Amino acid sequence: MSNPRSCPDCNSSRFELDRRQFVRATAVGAVAASTGIFIRPISAEEPAAKKPETLVAQLYKSLNEQQRAAVCFGFDHPLRQEVDNNWHITKTRVADFTADQQDLIREIFNGLHDPEYAQQVMQQVEHDNGRRPDVPKSGFGSCAIAMFGEPGTGKFEFVFTGRHVTRRCDGDSIEGAAFGGPIFYGHAAKSF
């Protein structure tokens, strides 16, 4: 009768370790782990990704007076608490900004998502907002942003909106609240 726990792949002699070999292998692994041999050093070629909050401050500094008048508000402005499933927080669209500013907005948005899913989220936003290669104010470019407060002065928040999307980046400026307010993706935001 065969052993119910046996496995033809595991019964091979190449997997057999006696007690001494096991202890030796475990000791070598423990020493290697404690000395950091398995830790991959960060090289000069791999700069740490900028945090979305840092990028928001950079975007804020790049705005001219006309842009600030259109997308910047006091921190306590009621618009900061709004949420909807299909809205634009301001009339100014992402496509209305300079190419460098659009790149920053895209970096901020992507930085708010796990790198593993950022591309998929971006594709969904592009799709939901009617991306057409020949129309700049479509897809991501048709979305809108607003900034509340001023970076580096305490309370500050960046809000990105469009069809089926509301994202917030607050730099942990609101004590006891994640994201500084409601975030949303999908339908029926008013129902909760």
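No lab work stands behind these numbers, since they all come straight from the coordinates. Everything numeric here is computed off the predicted structure, so don't read it as measured data. Cβ: placed from backbone, ideal geometry, glycine included. Neighbour counts: every protein chain shown.
Couple of notes before you dig in:
- Each of M147, A57, T90 was placed along the dipole of segment 52-191 (beta-carbon charges, centred on the mean Cα), and the one lying farthest toward the positive end is T90.
- Summarised as an ellipsoid, segment 91-173 has semi-axes of 22, 15, 11 Å, derived from the eigenvalues of the Cα gyration tensor scaled by 5 and square-rooted, with the largest first.
- Segment 52-191: proportion of alpha-carbon pairs further apart than 25 angstrom, %: 19 percent
- Modelled spin labels at E82 and T153, positioned 7 Å past Cα toward Cβ, are 2.2 nm from each other.
- Annotation: the residues I145, I105, sorted from fewest to most other C-beta atoms within 10 Å of their own C-beta, follow the order I105, I145.
- Least to most buried among F73, F158 (fewest other Cβ within 10 Å first): F73, F158
- Too-long pairs where the Cα-Cα distance tops 21 Å, listed order kept, from K91/K137; K51/K155; K61/K137: K61/K137
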